[in-house]
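Structure, as C-alpha cells:
The values are calculated or read from the model by the stated rules, or taken from the named source; none is laboratory data. Nothing here was measured: the structure is a model prediction, and the numbers come from that model. Every residue, glycine as well, gets a Cβ built from its backbone with ideal geometry; the counts of neighbours run over all protein chains shown.
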Amino acid sequence: MNATVEQSSPDAVRFEHVGLVLGENRILDDVCARIPLGKCTAIVGPNGAGKTTLTLAVLGQVKCTGRIVFPSLEGAARRPRFGFVPQRLVFDRDIPMTVMDYLLSGLQRMPLFLGHSKRHEARILQYLEEVECVRLADHAFGALSGGEIQRVLLAQALLQEPDILILDEPTSGVDFKGGQICCELLRRVREKRGFTQIMISHDLATVTAHADHVICLNHKVFGEGEPRRALTHHVLSETFGLHLGLPDLHGIPQDVRECPEDCPLRAEHLHLHDHCHVDAPVVHGCSCGHDHGHNHAHDHHEEAGHAE
Amino acid sequence: MLNDLILRIADLTAYLFPFECMEPEFMRRAMLGLLLIAPLAALSGVQVVNSRMSFFSDAIGHSAFAGVAVGLIFSLPVDFTMPALALVIGLLIMYLRRGSRLSTDTVIGIIFSAVVAFGLWIVNRNREASRGVNMFLYGDVLTIGDNEIALLFVLLAAFLVFQFFGWNRMLHIAVNEQIAGVHRIPVALYQYLFAGLLSLVVILCVRAVGVLLVTAILIVPAATARNLARNSRQLFFLSLVFSYISCAGGLLISAQQWMNAPSGAAIVLLASLMFAVSFVAARFRTK
C-alpha cells in the first residue's frame, strides 16, 4: 500500500514555494511539498522549525508568500473544511461547563441557557463514542485530564466533518502507550471517514509506525516521502542539524525491511515494531541507562535536542 | 412623553418592592435604572471573567474622565461624549490586543493612564467640572436621568440580542480562539461587538456606582455564579439572580437610616458578601 502512495494518490494540499518572514527570521523558506489525499502525513522537525506555522498557513491563519493549493477541491470552488486539535489546550478550567456544553457551543445556534438541541446532542454522543469517551459527556470540561481533553478536542474536530484534520503533536501530552492508542484510534476513524490527516510530531518512532507520508521541515524542506524511504540518516541529520550522540535513527526502517514484502503481518510489524529486538545494538550503544523500550529513537532524539 | 412613560414604568417598581423607602420618585427611578443595569452587568460580567477582561473594563470606566474632558473642550453634552469616547477606546484596545504582540495588560495600562491623565488635566482647568469628577468617582444612581434610563432600555435590547446569538460562540472563543477560528466562528466580529457593547455597559454603570466600583458590579455576581454553577445554563441564570439581588437589595439597604451608605457601596458590599458565602459553599461541596 505504502509503496504506491508516492506515485498514484492525488494530493489534498500542495505547497508551492511557500515563504514567511517574521521580522528578521525566515520562518518558512521556499517550502515545496505535497500532502497526499486521504492519508496520514507527518511533519517532523526540531523545535522552532516552522512546523506549526506551516499548518497555520494551511488553515489560512497566517499570510504567506507563494501558493497553497487544494487540488482535490479545485472544481468545488470552496475552501476545504478543517478540523484542528492544538498541541496543549491552555484554558480557564474554572469556567462552569460540561463537555457537552463545550461541544454544543460550537454547533448549536440556540443559546445554551435555553437548553440543548436534541439533534446536535445525539450527533455529539455519536462522535464521543467514536473517540471512546462517551462517558465524559456530562463531566466538567475543566476537570478532565490532558489525554481526555485531547480526545474531546478530537471529537470536536471530527464534528466539523473535516476534509483535512490537523493535529499539533497529538502524542505529546500523553505517555507512549497513550500515544500508540491515539494513533490507532485516528487511523480507524480516518479509514472510516476518509479525511486527510496532517500531524506535527517530534516522535520519529510514531511517525515511522503510523504515517504514510512524511515532510522533514527545518524552515526548508529537507526531504519528503514515505517514512521508511524518506527518513534517511542524511535527511534526519540535515533536518535536525545533529551529528553527535545521535543513534542510528535508520534502525527502525531497516528492521522493518527485514520483514519480507509478502509477510502477512507486515502491516502489524510496521505499527507495532515486533522486530524491535533487532535494534538491540542501538540500545547498547547508549549509556544513558534509561529503559528505551519501543521508543528508543524518540528518546535519543529528545535528549540530543536538549543537549543542543 | 418619554418622561411620562419612564415615570409610569418606574412606579411599577414600587409594587415589586412595597417598602416605605420606595415612596420618593427618585428611589423608583433609581430602582428602575438598577433593574436594567443588573442583567447587563451580570451577563457581560460572565464574559469579562471568562475572557479575563476585568482590566479592560476598568480602563473603560476610567475613560469617563476623558469623556468629561472632551465634552468640555468641544462644548458637547457629557451624556454623549462619555459613551462615545468609551466606545472608541474599547474598540481601540481590542484592535491593539488582537493585532500586536504586546501583552494585553501593557496595552491597556498605557491607554488607561493616558486617558486618565488627559481627563485630569482638562478637568483641572475648569472649576465647574472638577466638582463633577466626584460624581464619576463614586457614582450616584439616585440622580439618574430619563435619557440615561431610555439609553439603558435600548442597550439592554441590543445586548440581549447579542447574547442570544453570541452566548455559545463567546464561550467557545473564551476556551480557545484558534480552535474557534478554524472551526468557522467569526472570532473578530464577536470580539469587536462584545468590546463595543461592554464599553457602553461599563460607562452607563459608572453613572450608577462610580469608576471605583464599576468592575466589581460586573465581575462579582459572575464570579459568585461560577463558584456554584455546574454548567453553562446555571452560570447564566445564577449570575442574573446574584446581580438582581445585589442591585435591588443594595439600593434598599442603602436607603435605610441605620445604614447611611451610598448605593454603589451597598450594592458591591452585598455582592461581595454573597461571593464569600458561595466560595465557602463551593469548598464544602468539593470535600
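Key figures
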| read-out | value |
| --- | --- |
| Only listed residue being buried (at least 17 other Cβ atoms within 10 Å of the Cβ), farther than 30 Å from residue B:104 by Cβ and either free of Cβ contacts under 8 Å to residues at least 60 places away in the same chain or among the aromatic types (Phe, Trp, Tyr) (or both), chosen from B:8, B:28 | B:28 |
| Selection from the range B:22-53 of residues that are among the small types (Gly, Ala, Ser) and either in contact with a strand residue (DSSP E or B) (Cβ under 7 Å, 6 or more places away or on another chain) or under 22 Å from residue B:140 (Cα atoms) (or both) | B:30, B:33, B:38, B:41, B:42, B:44, B:45 |
| Those helices (runs of 4 or more DSSP H) lying entirely in the range A:84-174 with at least 1 residues at the interface with another protein chain (Cβ under 10 Å from one of its Cβ atoms), in contact with a Pro (Cβ under 9 Å, 6 or more places away or on another chain) and surrounded by 17 or more Cβ atoms within 10 Å (Cβ to Cβ) | A:146-159 |
| Scan of the range B:148-188 for residues that are aromatic (Phe, Trp, Tyr), within 12 Å of chain A (Cβ to nearest Cβ) and within 16 Å of residue B:42 (Cα to Cα), ordered by number | B:162, B:164, B:167 |
| Scope the range B:10-38; condition touching a helix residue (DSSP H, G or I) at 6+ places or on another chain (Cβ under 6 Å) and either in a loop (DSSP other than H, G, I, E, B) or under 24 Å from residue B:161 (Cβ atoms) (or both); matching residues | B:32, B:33, B:34, B:36, B:37, B:38 |
| Criterion (surrounded by fewer than 21 Cβ atoms within 10 Å (Cβ to Cβ) and β-branched (Val, Ile, Thr)) met by exactly one of B:123, B:141, B:115, B:154 | B:154 |
| Selected residue (only one of B:175, B:182, B:141, B:133 is in contact with a Leu (Cβ under 8 Å, 6 or more places away or on another chain) and within 30 Å of residue B:27 (Cα to Cα)) | B:141 |
| Residue ID - modelled with the highest pLDDT, chosen from residues in the range A:71-83 that are in a loop (DSSP other than H, G, I, E, B) and either aliphatic (A, V, I, L, M) or surrounded by fewer than 17 Cβ atoms within 10 Å (Cβ to Cβ) (or both) | A:81 |
| Candidates B:210, B:250 - the one that is under 13 Å from the mean Cα position of the chain (by Cα) and either more than 9 Å from chain A (Cβ to nearest Cβ) or under 30 Å from residue B:133 (Cα atoms) (or both) | B:210 |
| Listing of helices (runs of 4 or more DSSP H) fully contained in the range B:159-244 that carry 1 or more residues being under 30 Å from residue B:145 (Cβ atoms) and modelled with pLDDT under 95 | B:187-209, B:214-228 |
| Verdict on residue B:195 being free of Cβ contacts under 8 Å to residues at least 40 places away in the same chain, farther than 21 Å from residue B:29 by Cα and more than 14 Å from chain A (Cβ to nearest Cβ) | no |
| Of the criteria (1) over 18 Å from the mean Cα position of the chain (by Cα); (2) closer than 25 Å to residue B:63 by Cβ, which one residue B:182 fails | (2) |
| Residue B:220 vs. criteria crowded, with 22+ Cβ neighbours inside 10 Å and not basic (Lys, Arg) | yes |
| Number of the condition not met by residue B:75 [criteria: (1) loosely packed, with under 14 Cβ neighbours inside 10 Å; (2) over 20 Å from the mean Cα position of the chain (by Cα); (3) part of a helix (DSSP H, G or I)] | (3) |
| The range B:222-236, residues that are without any contact (Cβ under 8 Å) to a residue 60 or more places away in the chain and more than 7 Å from chain A (Cβ to nearest Cβ) | B:224, B:227, B:228 |
| Every residue from the range B:254-281 that is among the small types (Gly, Ala, Ser) and within 19 Å of residue B:136 (Cα to Cα) | B:254, B:261, B:263, B:264, B:265, B:266 |
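Per-residue answers, yes or no, for (1) part of a helix (DSSP H, G or I); (2) polar (S, T, N, Q); (3) within 14 Å of another protein chain (Cβ to nearest Cβ); (4) over 21 Å from the mean Cα position of the chain (by Cα):
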position	(1), (2), (3), (4)
B:8	yes, no, no, yes
B:44	yes, yes, no, no
B:58	yes, no, no, no
B:66	yes, no, no, no
B:71	yes, no, no, yes
